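Notes for the one structure printed next.
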Amino acid sequence: MHADRDRSAGTGEGAVGSTLLSKAREDAAAPYTEGDPILQVRDLAKHYPLTQGILFKRQIGAVRAVDGVDFDLYAGETLGIVGESGCGKSTVAKMLVHLERPTAGAIRYKGEDISKLSGRALKAVRRNIQMVFQDPYTSLNPRMTVGDIIGEPYEIHPEVAPKGSRRQKVQDLLDVVGLNPEYINRYPHQFSGGQRQRIGIARGLALNPEIIVADEPVSALDVSVQAQVVNLLDRLQAEFNLSFVFIAHDLSIVRHISDRVGVMYLGRIVEIGSDAEIYDHPTHPYTQALLSAVPVPDPTAREHRERIILHGDVPSPANIPSGCRFRTRCWKAQERCELEVPLLAVPAEFRLVDTPARHDSACHFAEEKHVVPTEAELEIPGPAEAPGDGEAPGDGEASEAGEDETP
Amino acid sequence: MLLEVRDLYVEFHTREGVAKAVNGVNYSVAEGETLAVLGESGSGKSVTAQAVMGILDMPPGKIAGGEILFKDQDLLKLRPDERRKIRGQEMAMIFQDALSSLNPVLTVGEQLGEMFVVHRGMSRKDAKAKAVELMDRVRIPAAKERVGQYPHQFSGGMRQRIMIAMAMALEPSLIIADEPTTALDVTVQAQVMDLLAELQRELNMGLILITHDLGVVADVADKIAVMYAGRIVETAPVHEIYKAPAHPYTKGLLQSIPRLDQKGRELYAIKGLPPNLTRIPPGCAFNPRCPMAQDVCRSDVPPLYEVDEQRRSACHFWKETLDAR
């Protein structure tokens with residue numbers, strides 16, 4: 001949505017002039033104005049200390065789970081963050097909602113650094129940034145009814161809904177996420193995985209937040225149910241003008257839902273840009289390898305794509321390689337990669353040309369490579385138009401459950 | 001034919017009643033062939049595989065009918081000790097979660113070597129040498145040093161390689177891989193699938209690949225069987241099924257996955273939920289979720305119609321489904 005708006009803004013130190021300008025502006029802590037990013041993350045880091053000894057603990061090192069992450073989130077936009085397990089994407093999510101305190105860096109919500117807030121000021125800000133968790137089975141308390149789960153945020157922020165109106169509010173929320181409002185007194189075990197995820201989403205919406213951080217919200221669900229929940233998230237975003245930070249490892253889903261995408265590797269964003277820039281014109285070798293490894297549901301794709309198979313495993317975040325952290329698995333790695341940390345900025349060769357490859361990429365030897373086969377190269381046509389019968393997914397699931405899961 | 005499953009029925013007796021997990025499944029695998037069994041959780045794909053391997057928990061499970069022919073002999077009629085001889089030597093299984101399938105208190109070398117001690121009567125020392133050889137074969141770096149390590153010292157991808165090594169150890173003629181790459185990251189998933197396909201070609205084994213991921217299947221399978229509520233609803237060679245599915249469920253599945261190459265409109269979503277296996281709807285089990293359902297679908301169970309020589313579809317309206325695209 002806002003992908004075309006200064007695409008390199010503030011995401012790297014060594015970038016073009018406009019970046020430096022915008023950076024200077026931010027540092028002056030200018031008041032928030034309409035059109036500025038609603039959330040600005042700068043040089044965010046989370047290091048977990050490794051200690052030795054029982055009584056006198058000495059720090060012998062650190063797990064650098066997140067190690068310098070920058071991005072902007074605009075109002076009404078979805079930023080997708082992809083990466084393999086252990087790349088720090090979930091830790092970023094936790095810091096955004098203040099479940100973890102950053103070791104360094106800033107998270108500016110409307111210009112105000114929330115990572116240093118505490119007490120009442122923090123509580124007020126937290127209302128606006130809510131989270132949807134990955135596992136719909138463990139993120140709902142089995143001993144609370146759905147009404148209590150969704151209504152619990154109101155206990156903490158009573159100013160949002162006075163006591164008398166809460167039940168009605170919860171029922172409205174159930175309706176919004178496509179569940180039957182009469183289910184308010186049921187317990188989580190009476191729902192299927194997809195429905196539980198809807199409950200988790202309803203809880204996230206309870207306080208009318210501006211930003212929702214969703215950490216792998218659909219990866220625990222079956223394929224046919226996944227689509228229902230993705231559509232729901234799409235609809236809610238339009239309806240409530242939400243900004244999403246959508247964290248996932250499934251690249252296809254991220255492309256579907258995101259306006260911009262950031263690719264993380266070992267605690268850093270290595271490439272960030274609009275969905276078309278990242279998927280159709282990737283310039284970082286890791287992004288290219290990641291995209292080429294995604295199995296495409298089309299047997300004809302076998303012949304049409306070059307698969308880049310990476311060797312070895314992701315290095316331990318306690319022992320990050322010098323220079324470029326991807327160099328141990330990169331087929332392009334040279335001496336320079338070992339000595340010099342590549343900055344996340346528009347690579348020099350694309351800086352002056354108008355091409356979709358002109359987006360931030362942290363590689364010394366960035367070059368464009370086409371890895372995702374286009375529709376024209378495949379025999380299988382794209383998905384048909386969505387069915388015309390309105391909000392079928394939600395309704396269907398809700399009504400069916402009535403028969404299926406009544407104890 | 002290497003393996004033929006004929007009209008298999010499996011039930012589970014639970015407190016809520018009898019869950020009919022597998023309801024008349026037929027499939028076959030030849031040497032060197034890869035059959036992918038595709039389905040969502042609860043579709044009966046894993047239960048069928050467990051019945052073939054003979055590792056179904058009985059009770060509560062019960063094989064209520066059918067035959068499992070392996071090299072022309074019915075496995076269900078064998079004595080437990082005869083069955084045990086086949087398991088491991090002739091057929092082997094790779095499980096989804098490598099960490100919980102490996103014994104945490106034994107080194108990987110001991111676990112790999114155990115196969116040779118038990119089945120081939122080798123000495124511990126020879127078995128260990130064999131274990132190193134196997135680890136080399138599945139390309140675990142520094143196999144000699146790592147043979148004495150424990151499972152937790154390996155990464156997820158390496159553990160899955162050990163599982164593969166274990167399954168390959170006695171060079172079986174059939175391997176069943178139950179979601180072998182689901183727990184792995186995409187880049188590692190690609191490595192592991194490649195390895196599996198390569199070893200299969202080398203040993204000319206039959207491979208049954210159980211998965212819910214339509215992408216993985218497209219890359220490696222020769223033919224596909226789609227399962228829903230304990231039945232096979234469609235079988236076809238891999239190219240045909242993606243080009244023109246002949247069952248509305250397959251079609252819905254294919255349409256509901258977002259694609260890497262385009263930013264979609266709203267995703268097609270199959271409405272509703274898979275049925276509760278203790279109360280499978282009468283007629284076609286898919287009828288409450290099917291956009292094409294008619295009265296006949298609610299009353300008559302569709303047989304597996306012959307679409308062409310190699311394709312079958314359990315839909316009364318398979319012709320319409322094929323034409324509708």
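The values are calculated or read from the model by the stated rules, or taken from the named source; none is laboratory data. Quantities reported herein were computed from a predicted structural model and do not represent experimental measurements. Counting neighbours? That spans all protein chains shown, and the Cβs are built from the backbone with ideal geometry, glycine included. Just the protein is used for accessible areas: all its heavy atoms, side chains included, with ligands, DNA and RNA removed. Shrake-Rupley method; radii C 1.70, N 1.55, O 1.52, S 1.80 Å.
Odds and ends about this structure:
- Out of A:L140, A:L207, A:L173, sole residue that is open to solvent by less than 40 Å² (accessible area, probe 1.4 Å) and touching a strand residue (DSSP E or B) at 6+ places or on another chain (Cβ under 9 Å): A:L207
- Qualifying position, being small (G, A, S), closer than 28 Å to A:R64 by Cβ and within 12 Å of chain B (Cβ to nearest Cβ), among A:A248, A:A227: A:A248
- Meets criteria (surrounded by fewer than 21 Cβ atoms within 10 Å (Cβ to Cβ) and out of contact with any Pro (no Cβ under 9 Å at 6 or more places or on another chain)) for A:R108: no
- Of all residues in the range B:218-233, those that are closer than 25 Å to B:G65 by Cβ have Cβ atoms under 7 Å from Cβ atoms of residues that are surrounded by fewer than 24 Cβ atoms within 10 Å (Cβ to Cβ) and among the hydroxyl-bearing types (S, T, Y), 6 or more apart or on another chain, in B:A225/B:Y27; B:I232/B:Y27.
- Taking the range A:146-170 as the range and being in a loop (DSSP other than H, G, I, E, B) and open to solvent by 20 Å² or more (accessible area, probe 1.4 Å) as the test, the residues that pass are A:P158, A:E159, A:V160, A:P162.
- Residue within the range B:245-253 that is farther than 28 Å from A:G178 by Cα, more than 9 Å from chain A (Cβ to nearest Cβ) and outside any strand (DSSP E or B) present: yes
- All conditions but one from (1) more than 15 Å from B:L267 (Cβ to Cβ); (2) more than 12 Å from chain B (Cβ to nearest Cβ); (3) surrounded by fewer than 24 Cβ atoms within 10 Å (Cβ to Cβ) apply to A:Q237; the one that does not is (1).
- For the range B:137-167, the candidate set comprises residues that are within 11 Å of another protein chain (Cβ to nearest Cβ) and open to solvent by 50 Å² or more (accessible area, probe 1.4 Å); within that set, the residue that is nearest to B:L184 (Cα to Cα) is B:R139.
- Any pair with Cβ under 9 angstrom, 6 or more apart, that starts in the range A:313-331 at a residue that is in contact (Cβ under 8 Å) with a residue 12 or more places away in the chain and within 16 Å of A:V341 (Cα to Cα) and ends at one that is among the acidic types (D, E) and part of a loop (DSSP other than H, G, I, E, B): A:G323/A:E340; A:C324/A:E340; A:R329/A:D313
- From the options B:A131, B:A177, residue that is part of a strand (DSSP E or B), more than 14 Å from every other protein chain (Cβ to nearest Cβ) and surrounded by 22 or more Cβ atoms within 10 Å (Cβ to Cβ): B:A177
Residue-wise test of (1) within 19 Å of B:A177 (Cα to Cα); (2) in a helix (DSSP H, G or I).
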| position | (1), (2) |
| --- | --- |
| B:S41 | yes, no |
| B:G65 | no, no |
| B:E114 | no, yes |
| B:A127 | no, yes |
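- Scanning the range B:53-98 for residues that are open to solvent by 50 Å² or more (accessible area, probe 1.4 Å), under 19 Å from B:I210 (Cβ atoms) and in contact (Cβ under 8 Å) with a residue 12 or more places away in the chain yields a total of 6.
- The residues of the range B:222-244 that are in a loop (DSSP other than H, G, I, E, B) and either facing chain A (nearest Cβ under 7 Å) or surrounded by fewer than 24 Cβ atoms within 10 Å (Cβ to Cβ) (or both), listed by number, are B:D222, B:A244.
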